[in-house]
Every structure is written in C-alpha cells, then in structure tokens.
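Enquirer: What follows is a single structure, and I will ask about it in a moment.
The values are calculated or read from the model by the stated rules, or taken from the named source; none is laboratory data. The model shown is predicted, which means the values in this text are computed figures rather than measured ones. As a convention, Cβ positions derive from the backbone with ideal geometry for all residues, glycine included, and neighbour counts pool all protein chains shown. Keep in mind that these areas ignore ligands, DNA and RNA; they rest on the heavy atoms of the full protein, side chains included. Shrake-Rupley method; radii C 1.70, N 1.55, O 1.52, S 1.80 Å.
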Amino acid sequence: MELREYALIVRRRFLVVVVATVVGLLGGYVASRGRAVTYTATVKLVAQQFVNTGTTYHQAAYASQLLALNDAALATSYPILQRALARAPGIRGSAEDLSKGVTSVATPNAAAFAIRVTARPADQAIRGANGIAQAFVSWTMDNQQAQFTRARASLTRQLGDVASQMDTLQQQINALQLRRATAQRSAQLTSLVNQLTQLRAQSVTLQGSLQQTIMAQVQLGVTILIVQPARLANVDVSRPNRTLLALLASLGGAILGLVAVFLLHYLSDAVSTRERVEPVSTLPSAGTIAAFTAPRDDQVIVALQPRTAAAEDYRLLGAHLHARRNGCHRPSTTILITSPQRGDGKTTTVANLAVALAESGASVIAVDANFLHPRLHTLFGLMDTEGVVDVLHNGSTAVDNGYLQYSCWDRVRVLPAGRPNGNAASLASSPQMAQLLASLRQQADVVLVDGPALLEAADASLLASQMDSVIMVVDATNASARTLSAAEPRLVRVGAAISGLVVNKAT
C-alpha cells in the first residue's frame, strides 16, 4: 500500500482521529488537575571515620567516601524508617507509606550524602526528612556503642582467663622451686616458665586491644553529622505541568485514533479506492470520476467548475457513451444510471453527464425514475411538479402533456419524477414505462434515466431490463465487497445491457 492510500484512509475517517485527540486532551487536562502539588525536603549528612595514626589523609578520605555510600543505602532501610516513626510522632503513615517517598543519594567523590522525602503538605516532608536523619544518626551511635560494649566484654573475659592461667602456672613454678633440683624437675620448670612468658605476652596484647577499644569508644570511630537539616526555606515544590500533560495525552489520543482508523479499515469489507473496486467487481470499467470539492456535492461542476479533474472525467465518460451509441447505429439511446445503494452519486452523475453530452452537441433528456427519493430536479433548479409518475398514470407521453422542463443549459431537458403515489414503483416496470421510453427516444439523442438503487428498490433491476444500456455508479469512499457482490447479480439475472462500472470519488 502506498503512502497516498494511507493518507486517504485517514482522511475518510479523520473525525475519529479528531475525536480521539480531543478526548485525550480533555482526559490529560482532567488528570493533571487531579495531581496535587508535592514538596521535597532534603537533609544533608556527612560520614566521618577516625582511623589509626599511621593512615594517610587520602586513605582516610577514601574510607569516608565508601562509608558515605554505604550509609546512603542504609539510611532509607526499613529498620531506620520504623525507628523514625517511633521517635517522631509528627510523621504520618506506616513504614511502607514512608518508603514510597524516600530516597537517599551519595555525593560523588565526597563523604556526604542526602536524604530526600517527598510528601504533601510541606511540613510532613520536613518532619519526615529530619526524623529519618535523626533516627539514622541515633541508630548509628547505638549500634556502635553496642559493638564496643561487646568487644570490651570479650577482651575483659579473655584477660581474666589469661590471668587465671598465669596464676596457676606461677603456683606450679613456686612449688617446683621449693623442691630439690633434679634434671627432670629442671626441664619441667623451664617448660612452665616458657608458658608463663607466652601468657604474659598474650596478656599485654589483650590489654593493648582493650585500651584501643576504650579509646575508639570514647572517640566514636564513625560519626554521622547532620550538616543541613530540612527547613521550609530549602523545600523543593513540584507542580504538575498541566500543559505538557495535556499535550502528551492529546498526542496519545491521536495515535490511538490512527490505530482505530486503520483497525476499522482492515476489519471492514470496504474497498475504499478505485484500485480495490475494480478487482472486486466483475463489470467492465466505464470510467472514473475524480473526487472534487464544492459547496455542495450535488453541484453540476461540468458547467460551474469546468476546469476541474472531475469535470474532465464526466466529459470522458460522455465521449465513451457517445462512441458506443454511434457504434450501435441507433438514432438515440436510453441509459440507466443506477448504483448498489443510496448515496453513491448516481443522481450527480446523471446531471453532470447530461451537461457534458450537451456540450458535445447531443440533445439530452434527463429522466428522474427514482420515485422513492427524487432529487434530479433540484440539481437543475427546477420544480418537481408533474413528471414520470403522472405520465405513467395517465398513459400519455411527455411531449403531449408538456411534462418536459427546459433547463438553463442548451439541449438539456428534464422530466422530473412527478407526484408520488402508492403504485409508482410498480409503474416503473409497466408497459407504460416502455411506451414512455420509446417516446423519449424519438425526441433526443440520449435519454439518461436516474434510477433507484439496486439494493433499495426491487423494480430497479426490472427498469434496467428496458434500457439500451446500464451504468452502475459506486462511491469509492463507501463501496464494499458485500454490496457489489449483492447488486451485480440483479442486473445479470434480468439480462440488462451493462455498459460498465463508474467509480465515483476516485483517487
């Protein structure tokens, strides 16, 4: 399928796209109105770590940066949020609710990180951010104190065990020294002294570790400082961009509208273009009429817009019919213009074709035999007084009773449908109609008959059987395979002389 065909599909159902766009625009605007203003409060913290004296400044800074990364991830964990809710009564909601609006971000290449809380109103965001920061600081201190306490208790217990072992060894050494020296006792005494020496060295190491632990506990080896608490002055306000949301929603609506248009196109049996009409129909092609733009679709554009493509198409169709009429060696020809359904443009085709034939020098009589929906007289600006129905009912001819009306175009006369009555449809296939057609043949070169739609009136196919030729007009923008396959057999069954298929509004 070419790009032009896609454009035509969209143009035919452009209203669907417009409605979808408007609905999306309104929906986006309503949705944006429902979105409330939110506030984001930020607390900035710094992680400091005290290390041994031999550590360089760069090593200490790097350790603090790693610590800040870990703290940023830990600060918004579930235990910290629960602690904040327990110690800050001003924070509303549960830990799950609070976690939805909490984020933590570490500052690159620095020992700092931030805790951000988004909520509404602003005071709730401020309380949440400060409460979480304070909860994290207190949790860090409590956790360190607990670790130091456990370490001191463990070292103290080990020192007690070593001291007990040293006392036992010392007592054994003293007892051996009081006895008479022998070679065996001298070896045993040497072994006990060595063990005591090792225990004394172990005791010194444990005392050093205990001293370092006490010093670290006093200094709090890791300290979290709140360097900038959350305040109303540094709260960020987030307002929904209603214009942007509405535009995005309208764009989404337009896209959905396009999808709906193509989905409707592919799910329907509409043939929609000339290239698709002709393969579906078994009738030969008699011509195509280009789509045209006019204040009204039923204007006689052959005269009012003579330079348009549609006007030229009507002239080509008239030339085609004129050539067929000369080939048949008949002084005049009756041509029925019909269509599968109402609205295909057959009445417009009759009016424009009549003017086109008249321009070529032929005398034309346009007959309105569409008794259900007579409209031919309106295209020529005439009154629908007496016409075909009256002729058939009275059993007379058009000329004898003056039913023919002259139009404003030379060589074009019009026989309106006349006053409708209950049996008008049955009269269309009566012997009187055959007599009327025979009379009209003697008074014009071409008699164009605007007949009813084949699928709308049962007498349309019977009327076709009395004509010299039949042309079926289909609207390329509204034709379907179903209507074409249902209309064509009706002409074939009555043995109508089908001249061909005219595709109206072709592209």
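Enquirer: Failed condition for Leu25, given (1) over 30 Å from Asn130 (Cβ atoms); (2) modelled with pLDDT of 80 or more; (3) open to solvent by less than 70 Å² (accessible area, probe 1.4 Å), with all others met?
Expert: (3)
Enquirer: Select from the range 349-384 the residues that are out of contact with any Leu (no Cβ under 7 Å at 6 or more places or on another chain) and among the β-branched types (Val, Ile, Thr) and list them in ascending order.
Expert: Result: Thr349, Val355, Thr378.
Enquirer: Any residue in the range 490-507 that's farther than 17 Å from Leu455 by Cα and open to solvent by 60 Å² or more (accessible area, probe 1.4 Å): show its pairings with residues that are part of a strand (DSSP E or B) and acidic (Asp, Glu) at Cβ separation under 6 Å, as long as the two are six or more apart or on different chains.
Expert: Correct list of pairs: Lys505/Asp475.
Enquirer: With the structure loaded, tell me whether Asn370 is in contact with a Pro (Cβ under 9 Å, 6 or more places away or on another chain), within 24 Å of Ile498 (Cβ to Cβ) and either modelled with pLDDT under 90 or not aliphatic (A, V, I, L, M) (or both) or whether it fails that test. Show your work before the answer.
Expert: On the way: in contact with a Pro (Cβ under 9 Å, 6 or more places away or on another chain): yes; within 24 Å of Ile498 (Cβ to Cβ): yes; either modelled with pLDDT under 90 or not aliphatic (A, V, I, L, M) (or both): yes.
Yes: the conditions hold for Asn370.
Enquirer: Check Thr140 against each of (1) among the polar types (S, T, N, Q); (2) open to solvent by less than 40 Å² (accessible area, probe 1.4 Å); (3) touching a residue at least 60 places away in the same chain (Cβ under 8 Å); (4) under 16 Å from Thr213 (Cβ atoms) and name the one condition it does not meet.
Expert: Every condition holds for Thr140 apart from (4).
Enquirer: Of the conditions (1) basic (Lys, Arg); (2) at pLDDT 85 or above; (3) farther than 19 Å from Asp368 by Cβ, Arg441 satisfies every one except a single condition; which number is it?
Expert: (3)
Enquirer: Could you count how many residues in the range 194-226 are open to solvent by 90 Å² or more (accessible area, probe 1.4 Å) and at pLDDT below 85?
Expert: Count: 5.
Enquirer: Can you tell me which residue within the range 320-344, out of those that are open to solvent by 20 Å² or more (accessible area, probe 1.4 Å) and small (Gly, Ala, Ser), is modelled with the lowest pLDDT? Steps first, please.
Expert: We begin by selecting, within the range 320-344, every residue open to solvent by 20 Å² or more (accessible area, probe 1.4 Å); these are 320, 322-331, 341-343.
Then drop every residue that is not small (Gly, Ala, Ser), which leaves 323, 327, 343.
Details: Ala323: 71, Gly327: 52, Gly343: 84.
Result: Gly327.
Enquirer: If the requirement is being without any contact (Cβ under 8 Å) to a residue 24 or more places away in the chain, in a loop (DSSP other than H, G, I, E, B) and not basic (Lys, Arg), which of these qualifies: Ala175, Ala187, Ala181?
Expert: Answer to the selection: Ala181.
Enquirer: Can you go through Ala230, Ala249 and tell me which one is farther than 30 Å from Thr378 by Cα, at pLDDT 70 or above, touching a strand residue (DSSP E or B) at 6+ places or on another chain (Cβ under 6 Å) and open to solvent by less than 80 Å² (accessible area, probe 1.4 Å)?
Expert: Ala230
Enquirer: In contact with a Pro (Cβ under 8 Å, 6 or more places away or on another chain) and open to solvent by 30 Å² or more (accessible area, probe 1.4 Å), is that true of Asn130?
Expert: Spelling it out, Asn130 is indeed in contact with a Pro (Cβ under 8 Å, 6 or more places away or on another chain) and open to solvent by 30 Å² or more (accessible area, probe 1.4 Å).
Enquirer: Being farther than 30 Å from Gln211 by Cα, open to solvent by 70 Å² or more (accessible area, probe 1.4 Å) and in a helix (DSSP H, G or I), is that true of even one residue in the range 99-120?
Expert: no
Enquirer: Moving on to the next point. Report yes if some residue within the range 71-88 is crowded, with 19+ Cβ neighbours inside 10 Å, at pLDDT below 75 and more than 21 Å from Ala122 (Cα to Cα); otherwise report no.
Expert: Yes, the conditions are met somewhere in the range 71-88.
Enquirer: What's the number of the condition Leu45 fails, among (1) touching a Leu at 6+ places or on another chain (Cβ under 9 Å); (2) open to solvent by 70 Å² or more (accessible area, probe 1.4 Å); (3) modelled with pLDDT of 85 or more?
Expert: Among (1) touching a Leu at 6+ places or on another chain (Cβ under 9 Å); (2) open to solvent by 70 Å² or more (accessible area, probe 1.4 Å); (3) modelled with pLDDT of 85 or more, the lone unmet condition for Leu45 is (2).
Enquirer: Let me ask something else about it. Sort out which residues of the range 467-489 are outside any helix (DSSP H, G or I) and open to solvent by 40 Å² or more (accessible area, probe 1.4 Å), and write them in order of number.
Expert: Result: Thr477, Asn478.
Enquirer: Follow-up. Val51: in contact with a helix residue (DSSP H, G or I) (Cβ under 8 Å, 6 or more places away or on another chain), modelled with pLDDT under 65 and not in a helix (DSSP H, G or I), yes or no? Break it down into steps so the answer makes sense when it comes.
Expert: Working: in contact with a helix residue (DSSP H, G or I) (Cβ under 8 Å, 6 or more places away or on another chain): yes; modelled with pLDDT under 65: yes; not in a helix (DSSP H, G or I): yes.
In short, yes.
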